[in-house]
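Notes for the one structure printed next.
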Amino acid sequence: MDKIKITDDLEFSRIIHGHMRLSGWNISSQELLILTEQSIELGVTTIDHADIYGNYRCEKLFGEALKLDKNLRSKIQIVTKCGIQILSDQFPGRKLKHYDYSYDHILSSVDNSLRNLNTDYLDLLLLHRPAPFFDPEAVARVFSHLKSQGKVRYFGVSNFTPGQFEMLNSYTEERLVTNQVEISPYCLEHFENGNIDFFLKERIKPMAWSPLAWGKLLIPQDEKGHRIRRAIEAVAAELNVNPAEKIIYSWLLSHPVTLMPIIGSGKIERIKEAVEATNIKMNLEQWYKIYNASKGIDLP
Ligand SMILES: NC(=O)c1ccc[n+]([C@@H]2O[C@H](COP(=O)([O-])OP(=O)(O)OC[C@H]3O[C@@H](n4cnc5c(N)ncnc54)[C@H](OP(=O)(O)O)[C@@H]3O)[C@@H](O)[C@H]2O)c1
């Protein structure tokens, strides 16, 4: 499977493994280690986390697996995020969900992530969501500090608009390297808010979260979901692809912006299907069949 060049010395796997649901997989550290090794064999070496996943438990669960094999860390790239302060029994003093991008919070969040993950560096740190209360100068200062300490190699954002991305970029010493956004045949928001054009202009390779739209494309829950599902199945039949889920990844992978889908499954067979989708060649009419089904209208 292709590697995607993020910077001169950082490559991500084309398919990324997301650990947001890890605490629900009910697997032991040993089983998680095996799942990770099997994923690496398939070429999936990049792993996406966030401090808050699983009520602050997922990073620690993965850290336990990492501890079992000292050689594993050098074979993978770890992405994690910071900034969202959820209501949690882990933080009983917190009374309101909010975002915190202060110097001190980002610093302590990274230290916690490093401790939880049993590693001494993160390959990429993302700011999880844009915030109405945001001091880019403080963020830029803490990024420089974390970089100089060797704790974080590169920085990026998630769910930012082009304007928010450029604003922060104008303060940071180094260029932000990616933006992780929701993209699937169900969620076309970033085709419409200028983000895809911005990524193309800036040569940014975006990470695509919830590529299966949280399952809404597997078990449709509304008319839009049914329309897309019918189009996916029609294209799967034309291309003789089974299961049809692979068509969803292929739709994302065929776009020239070079999306990196983040698969959220804990099952190796499903990770393998996502990897196999990198070999499917979809034509333009098939791509638009799915796009139009999502819009519910033909192109003007
Ligand atoms: N930056 C952000 O704001 C943000 C937000 C949300 C997510 N994310 C990232 O994106 C990752 C993926 O998100 P997601 O979990 O919502 O992704 P998703 O791929 O849209 O949904 C995954 C869910 O679909 C289920 N599923 C059923 N059939 C499947 C199949 N054939 N293949 C794959 N999954 C199947 C999985 O269950 P099984 O485990 O049973 O297969 C899992 O519960 C997360 O882990 C996280 O890293 C980022």
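The values are calculated or read from the model by the stated rules, or taken from the named source; none is laboratory data. Source: prediction; values computed, not measured. All Cβ positions, glycine included, derive from the backbone under ideal geometry; neighbour counts span all protein chains shown. These accessible areas exclude ligands, DNA and RNA; they are computed on the full protein's heavy atoms, side chains included. Shrake-Rupley method; radii C 1.70, N 1.55, O 1.52, S 1.80 Å.
Kindly check whether there is at least one residue in region 186-198 that is modelled with pLDDT of 95 or more and either within 11 Å of the ligand (Cβ to nearest atom) or basic (Lys, Arg) (or both).
For region 186-198, residues modelled with pLDDT of 95 or more and either within 11 Å of the ligand (Cβ to nearest atom) or basic (Lys, Arg) (or both): present.
For the condition within 16 Å of the ligand (Cβ to nearest atom), in contact with a Phe, Trp or Tyr (Cβ under 8 Å, 6 or more places away or on another chain), under 22 Å from Ile16 (Cα atoms) and touching a residue at least 12 places away in the same chain (Cβ under 8 Å), what is the one hit in Ile268, Ile247, Ile290, Ile262?
When all the criteria are applied, what remains is Ile262.
Tally time: how many residues in region 10-27 are assigned to a loop (DSSP other than H, G, I, E, B), surrounded by 22 or more Cβ atoms within 10 Å (Cβ to Cβ) and within 7 Å of the ligand (Cβ to nearest atom)?
Taking region 10-27 first, the residues assigned to a loop (DSSP other than H, G, I, E, B) are 14-15, 19-21, 25-27.
This time we only want the ones that are surrounded by 22 or more Cβ atoms within 10 Å (Cβ to Cβ), so: 14-15, 19.
Restricting the remaining residues to those that are within 7 Å of the ligand (Cβ to nearest atom) gives 19.
Final tally of qualifying residues: 1.
Does region 214-222 contain at least one residue that is of a type in the set (Gly, Ala, Ser), in a helix (DSSP H, G or I), open to solvent by 10 Å² or more (accessible area, probe 1.4 Å) and at pLDDT 95 or above?
no
Please count how many residues of region 135-190 are over 30 Å from Leu253 (Cα atoms), assigned to a helix (DSSP H, G or I) and not hydroxyl-bearing (Ser, Thr, Tyr).
Qualifying residue count for the region: 11.
Determine if region 149-167 includes at least one residue that is at pLDDT 95 or above, among the hydrophobic types (A, V, I, L, M, F, W, C), over 21 Å from the mean Cα position of the chain (by Cα) and surrounded by fewer than 18 Cβ atoms within 10 Å (Cβ to Cβ).
yes
Could you pull out the residue among Ile232, Ile204 that is open to solvent by less than 50 Å² (accessible area, probe 1.4 Å), at pLDDT 95 or above and outside any loop (DSSP other than H, G, I, E, B)?
Residue meeting the stated conditions: Ile232.
Of all residues in region 83-100, how many are open to solvent by less than 70 Å² (accessible area, probe 1.4 Å) and closer than 16 Å to Ala50 by Cβ?
Start the filter on region 83-100 by keeping residues that are open to solvent by less than 70 Å² (accessible area, probe 1.4 Å), which leaves 83-86, 88, 93-94, 100.
With the extra rule that they be closer than 16 Å to Ala50 by Cβ, the set shrinks to 83-86, 88, 100.
Number of matching residues: 6.
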